[in-house]
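Taken together, the values in this text are just the output of simple stated rules run on the coordinates, not laboratory data. Computed from a prediction, not measured in an experiment: that's the story for all the values here. Reconstructed Cβ throughout: ideal geometry from the backbone, glycine too, with neighbour counts over all protein chains shown.
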Protein chains: 6
Amino acid sequence: MQVLTRNALKGTVKHISLGRVNAEVTLEIVPGVEITAVITRITAERLGLEEGKSAYAIVKPSEVEITLG
Amino acid sequence: MQVLTRNALKGTVKHISLGRVNAEVTLEIVPGVEITAVITRITAERLGLEEGKSAYAIVKPSEVEITLG
Amino acid sequence: MQVLTRNALKGTVKHISLGRVNAEVTLEIVPGVEITAVITRITAERLGLEEGKSAYAIVKPSEVEITLG
Amino acid sequence: MQVLTRNALKGTVKHISLGRVNAEVTLEIVPGVEITAVITRITAERLGLEEGKSAYAIVKPSEVEITLG
Amino acid sequence: MQVLTRNALKGTVKHISLGRVNAEVTLEIVPGVEITAVITRITAERLGLEEGKSAYAIVKPSEVEITLG
Amino acid sequence: MQVLTRNALKGTVKHISLGRVNAEVTLEIVPGVEITAVITRITAERLGLEEGKSAYAIVKPSEVEITLG
C-alpha cells in the first residue's frame, strides 16, 4: 500500500472484537468520524491490531454507495 | 437510511465525473479526509449530485479492509 | 435511505442466526424468492430484526453478478 | 453454478445499456421486483444478454445490507 | 456457473475453519498461489467442502483492486 | 501493502482497456491463471499500468465466493 491508493483513511483503533472466523474493528478517523471493518480474525492478529494502534481503512470506490441521508 | 446505519460518512460533493454507465463522486468528509465512490450514472442523476451538495458515503463493514500503511 | 435507492428489495425476516461478530438474515421478498444477508451482529440488534419483521435488502449494482444458470 | 448457490434470483432481462468497460443490466424477478447489476461489457456480450432473455442475478450474502426503510 | 464466468480460479481446498455463521476456506490454485474466501457456514456445508476437494474461487472484477506492491 | 495482506496475487498486466470512469485490467498470475479487475481510470493512470508491468491483484476474503464448478 502506498500513497497511490485512494480511499485509504488513516485512523486509530478504537474498538476490536473477535469472533472465531472474523473480527470487527472500529477506527476513529477524526473525532466524530468512525468507520467499522469486518476482517478475518487471522488478518487482525497478523496486523497486531489493538486499541490505540494506528491503521488505515481501505475501501474500493465501487463498493461505496452514496445517499442523501 | 436512518441513524441506524453504521459507516455512513457525511460529506460534501467535491468532484463528480460522468461516464456512460457509471459516475465517480468524491466527498470531502472533513478537510483532508475524502472518499471516492463509483456509482451508476442513473443513481447520481436521481440524487441530483453536484459540487457542494451534502451527501453520505455508505460502506458495508465487510467491504472495508484494514492495513498498517 | 429513500425511494431513491435502487436495489432495495422489501421483504419479511424469515430466519436469523447470530454469531459473535456477524448475523445471517434471510428475507422472503415474495413467496419463493429469498435473499440472505450476512451483516454485523450489532447492526442486527440495533435494527431489532426478528422473524416476521419487515425490512429491506440493499445491494449495490456493482456487486451483483449475472449468469445464465 | 448449481442449485447449491444461495442468492441466485432468476429473472428476465428488462433493460441493458452498454458503456465502454461496463454494462448495466436490470432483471425483473417478479412483477414489481427488479434488481440492477453493473457487470463488465465483455461478460454481458459473452452471455449474449438482451431484453427478454432469462438470467440469474447472484449476490454474496456478505454484500447484502439490511435496513428498515 | 459455466466457462462463461471470468475470474473463476480452480483450486484445491487446503484449509477450512468453521465459525458459527461464516467459514474461512483457503484454496491452492497452483503451488505458491493461494486465495482465501469467507463464505457462510451453510454454503460450506452444502458444498461439502473439505481438504483436498476441488473447487472454484469466484470474484467479481469490480471487487478486485490493483496495487504495485 | 505489505506481506501482511492475504489474497495479494502477483502478476503481469496482460491487457488493459480504458473507459471514461473505469478501466479493466487483466493480470496473468501464472500461465493459464488470469484475474480481471475493474478499477477507476484515475487509479490505473496513477499506477502507470501498462502491458507487461508487474502488479498485484488484491481481494478481500469476504468478497470471494466458492462453487464446485
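Provide the FRET efficiency to the nearest 0.05 for the C:L68-B:L68 pair, computing r from the beta carbons and using R0 = 45 Å. Don't skip to the end; give the middle numbers.
Details: r = 42 Å, r/R0 = 0.94.
Rounded to the nearest 0.05, the efficiency is 0.60.
Per-residue Cβ counts within 10 Å, from other chains only, averaged over D:50-58: what number is that? Spell out each step's value before the answer.
Numbers: counts 0, 0, 0, 1, 2, 4, 6, 8, 12.
So the per-residue partner count for this stretch is 4.
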Inset, instruction - Arrange the following residues from fewest to most other Cβ atoms within 10 Å of their Cβ: F:I35, A:I29. - result: A:I29, F:I35
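In debye to the nearest 20, how big a dipole does the protein assembly as shown give about its Cα centre with +1 on each Lys and Arg Cβ and -1 on each Asp and Glu Cβ? Walk me through the numbers before you get to the answer.
Numbers: 48 positive and 48 negative charges, 0 e Å.
It comes to approximately 0 debye.
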Inset, instruction - From zero up to wherever the largest Cα-Cα distance of the protein assembly as shown sits, split into 20 Å bins and tell me the percent of pairs in each. - result: 28, 65, 7
Inset, instruction - Return the FRET efficiency for the residue pair F:E28, C:R46: r is the Cβ-Cβ distance, R0 is 41 Å, and the value is rounded to the nearest 0.05. - result: 0.35
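Taking the Cα centre of chain F as origin, sum charge times position over the Cβ atoms of Lys and Arg (+1) and Asp and Glu (-1), and report the length of that vector in debye to the nearest 20.
Working: 8 positive and 8 negative charges, 45 e Å.
Here the size comes out at about 220 debye.
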Inset, instruction - Once you've got the GNM for chain C with C-alpha springs shorter than 10 Å, pick whichever of C:V25, C:V38, C:V13 has the biggest mean-square fluctuation. - result: C:V38
Legend entry - A:K53 paired with D:K53, simple spin-label distance in nm, labels 7 Å along Cα-to-beta-carbon: 4.8 nm
Legend entry - J(HN,Hα) series, the range B:41-47, from Karplus relation 6.51 cos²θ - 1.76 cosθ + 1.60, nearest Hz, glycine and proline x: 4, 4, 5, 4, 6, 4, 7
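Can you give the mean number of other chain Cβ atoms that lie within 10 Å of the Cβ atoms in peptide F:24-34?
On the way: counts 8, 3, 4, 2, 0, 6, 5, 1, 3, 6, 3.
That works out to 4 on average.
With viscosity set to 0.692 mPa s at 37 °C, what whole-number translational diffusion coefficient in µm²/s follows for the range A:8-52 from Stokes-Einstein and a Kirkwood radius over Cα pairs? Intermediate values should be presented prior to the final figure.
Details: Rh = 10.5 Å.
Result for D is 312 µm²/s.
Tell me the GluC sites (Glu not before Pro) within chain F that lie in a loop according to DSSP and have at most 11 other beta-carbon atoms within 10 Å.
Sparse-neighbourhood loop GluC sites (Glu not before Pro): F:E50, F:E51.
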Legend entry - Amide N proximity, the range C:27-66 versus C:K14 label position 7 Å along Cα-to-Cβ, cut-off under 16 Å: C:27-38, C:50-58
Legend entry - Inter-part distance where the range B:15-58 and chain C are each reduced to a Cα centre, Å: 25 Å
Inset, instruction - Would you tell me the mean number of C-beta atoms belonging to other protein chains that fall within 10 Å of each C-beta in B:12-19, as a whole number? - result: 2
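Calculated from DSSP H runs of 4 or more alone, at -39500 (n - 2.57) each and per residue, what is the 222 nm mean residue ellipticity of chain D, nearest 500? Present the calculation step by step, with values, prior to reporting the outcome.
On the way: 1 runs with 7 residues, N = 69.
Calculated at 222 nm, the ellipticity per residue is -2500 deg cm²/dmol.
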Inset, instruction - Just add up the charged neighbours of A:L18: K/R +1, D/E -1, any other residue whose Cβ is under 10 Å from the Cβ of A:L18. - result: +1
Inset, instruction - Name the lysines eligible as straight-distance cross-link partners of F:K10: C-alpha to C-alpha under 22 Å, and not fewer than 8 places from it in the same chain. - result: A:K60, E:K10, E:K14, E:K60, F:K53, F:K60
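What is the local net charge at A:G69, summed over the other residues whose Cβ is closer than 13 Å to its Cβ (Lys, Arg +1; Asp, Glu -1)? It would help to have the intermediate numbers written out before the result.
On the way: positive: B:K10, B:K53; negative: A:E65.
Combined, the nearby Lys, Arg, Asp and Glu give +1.
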Inset, instruction - Mind checking which chain A residue has its Cβ closest to the axis relating A to C, and how many whole Å off it is? - result: A:S62, 3
